[in-house]
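Structure record follows, encoded as structure tokens.
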Amino acid sequence: MNAITRRALLARFGLGGIALRALLDEERPLPDGLHHAPRARRVVWMFQSGGPSQLDLFDPKPELVRRNGEDLPASVRMGQRLTAMSGNQARLPLAGSIFRFAQHGDCGAWVSELLPNLTRIVDRLCFVKSLHTEAINHDPAITFFQTGSQIAGRPSIGSWLDWGLGSDNHDLPAYVVLVTKGKGGQPIYARLWGPGFLPSKHEGVQFRAGQDAVLWLKNPDGIDPPRRRRMLDRLRTLHEFARDAEGDPAIDARIAQYELAFRMQSSVPEVTDLRDEPASTFALYGDDARTPGTYAANCLLARRLLERGVRFVQLFHRDWDHHGNLPGGIRSECAQTDRGSAALVVDLARRGLLEDTLVVWGGEFGRTNYSQGKLTPQDYGRDHHPRCFTYWLAGGGMRAGHTHGATDELGYNVASDPVHVHDLHATVLHLLGIDHERLTYRFQGRRYRLTDVHGRVVRELLA
């Protein structure tokens with residue numbers, strides 16, 4: 001962005017404006033480059049909205065199975081709050097998972113039978129079984145993972161990275177969002193990838209399934225590319241006249257966004273057209289990847305975006321919120337996501353991209369070890385549980401084949417090596433070469449950062 005001219009600065013603000021400009025100059029992110037050598041250059045975050053049950057996927061509890069149907073001991077709950085959905089139940093019966101678990105790979109990671117494709121790549125993964133959060137309901141919990149705050153209005157993590165690191169490509173946005181189409185469950189909304197108080201150009205761009213992947217990008221009927229180019233050239237002349245007259249550097253940002261949108265008229269159709277992928281790609285991701293908007297197709301599209309220099313790609317997949325009929329619901333979600341998630345890791349590795357791409361998988365919280373509603377031998381539900389849940393990560397400097405942290409024998413509390421949401425954010429930023437305490441933005445009289453005033457880098461997770 002061009003700096004405001006001295007003449008315009010003095011004309012508009014006088015000498016007092018110089019002091020203001022000095023403060024604004026402090027806001028330049030990473031003015032001397034990265035804080036340290038990065039291990040990752042890009043991130044793909046597969047967000048599983050609704051809260052997958054760690055007890056049925058990654059964290060087997062034989063004692064919970066043995067004590068199936070017994071009441072949750074008060075000594076385990078320790079008075080911790082529950083949601084209104086199960087807090088008024090007469091009983092909180094322990095619900096052991098009905099699914100089989102086994103150890104896999106050289107690392108011996110425990111994975112449920114529901115994730116057969118993931119079991120084949122566990123030696124590439126780092127499991128964190130001790131994540132925890134304060135948020136107990138979906139909206140604040142998802143907002144917390146996206147922005148570092150339960151209260152809406154802060155910048156999303158992708159916006160922080162775009163602002164701090166800039167773009168690594170010329171023709172596509174630095175931050176792209178993909179949402180699985182046709183899914184129910186908790187709502188997903190644009191503020192989750194919004195820039196908050198950062199400049200608006202750092203907002204994530206949602207790519208949708210279908211011919212018009214980005215809204216309002218296509219030329220209207222009767223407008224061909226040469227005519228669009230001439231219009232933008234004339235508009236640029238007017239903008240530059242206004243910038244020189246007013247000295248407003250935001251006008252340069254506006255010009256840049258128009259130019260990016262023009263380039264995206266060619267780059268977006270190219271990157272979203274999967275027809276040039278060989279048959280071997282679809283053999284890896286599965287036939288679902290041929291249908292735009294499916295989770296598998298979004299995983300494949302994420303790889304295409306990453307290899308073209310997009311910095312941060314985020315997938316959202318809904319309907320993990322299994323308060324009832326969990327066995328049926330979780331079978332369905334695993335069938336939709338297991339192959340695509342594992343294929344993306346394998347595909348990145350085959351192309352030499354996994355080493356400097358950080359892959360993240362998980363939801364906003366976990367599920368309770370007791371049943372919400374009636375418990376039967378083949379059916380149960382689980383309520384929201386912020387006290388402990390599991391994430392897995394891969395590539396980008398993560399410690400492969402490692403399991404970090406543990407929960408108690410009933411899977412209710414963290415037993416060792418807790419990792420908070422702020423700690424996870426701090427670790428992600430660290431792998432990208434950023435000191436999370438130094439990436440700050442002044443707004444309304446104070447400095448903000450993604451990790452607020454918390455967070456530590458969990459070095460035990462690093463290779």
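Rule-based calculations on the coordinates, nothing more; no lab input. These numbers were taken from a predicted model, which means no experiment stands behind them. Note that we place each Cβ from the backbone using ideal geometry, even for glycine, and neighbour counts take in every protein chain shown.
Rg to Rh for segment 324-463: what is it, with Cα atoms only and Rh by Kirkwood? The partial results should precede the final answer.
Details: Rg = 18.1 Å, Rh = 17.6 Å.
So for segment 324-463, dividing Rg by the Kirkwood Rh gives 1.03.
Which far-off residues, 5 or more places away or on another chain, put their amide H under 5 Å from the one on residue 156, with H placed in the peptide plane?
Residues meeting the amide H criterion: 194, 196.
Express in nm, to one decimal, how much length is gained between residue 256 and residue 280 on full extension, taking 0.36 nm for each residue of separation and deducting their alpha carbon distance.
Details: separation 24, 0.36 × 24 = 8.64 nm, distance 3.83 nm.
This chain segment gains 4.8 nm when fully extended.
Testing the spin-label approximation: label points 7 Å from Cα along Cα→Cβ at residue 446 and residue 350. State their distance in nm.
4.9
Just to verify a number: FRET efficiency for residue 71 and residue 98, C-beta to C-beta distance, R0 = 22 Å, to 0.05?
Working: r = 20 Å, r/R0 = 0.89.
The calculated FRET efficiency here is 0.65.
Give me, ordered by chain and number, the residues 5 or more places off residue 365 or on other chains with an amide H under 5 Å from its own placed amide H.
The list, which skips near neighbours in sequence, is 51.
Per residue, what volume in Å³ does the Cα convex hull of segment 109-179 take up? Kindly include the intermediate steps, with their values, before the conclusion.
Values: hull volume 12.9 nm³, N = 71.
Enclosed volume per residue, from the Cα hull, is 182 Å³.
Sorted from largest down, give the three principal axis spans of the alpha carbons of segment 52-102, whole angstrom values.
That gives 34, 22, 17 Å along the principal axes, largest extent first.
Based only on Cα atoms, what mean projected area does the convex hull of the chain have, in nm²?
Details: hull surface 95.5 nm².
For the chain, averaging the hull's shadow over all directions gives 23.9 nm².
Contact order normalised by length for the chain, with contacts defined as Cα pairs under 8 Å and 6 or more residues apart; what percent is it? Mind dumping the intermediate values first?
Details: 923 pairs, mean separation 135.4, N = 463.
Reported relative contact order: 29 percent.
Between segment 43-73 and segment 368-420, what is the separation of their alpha carbon centroids in Å?
5
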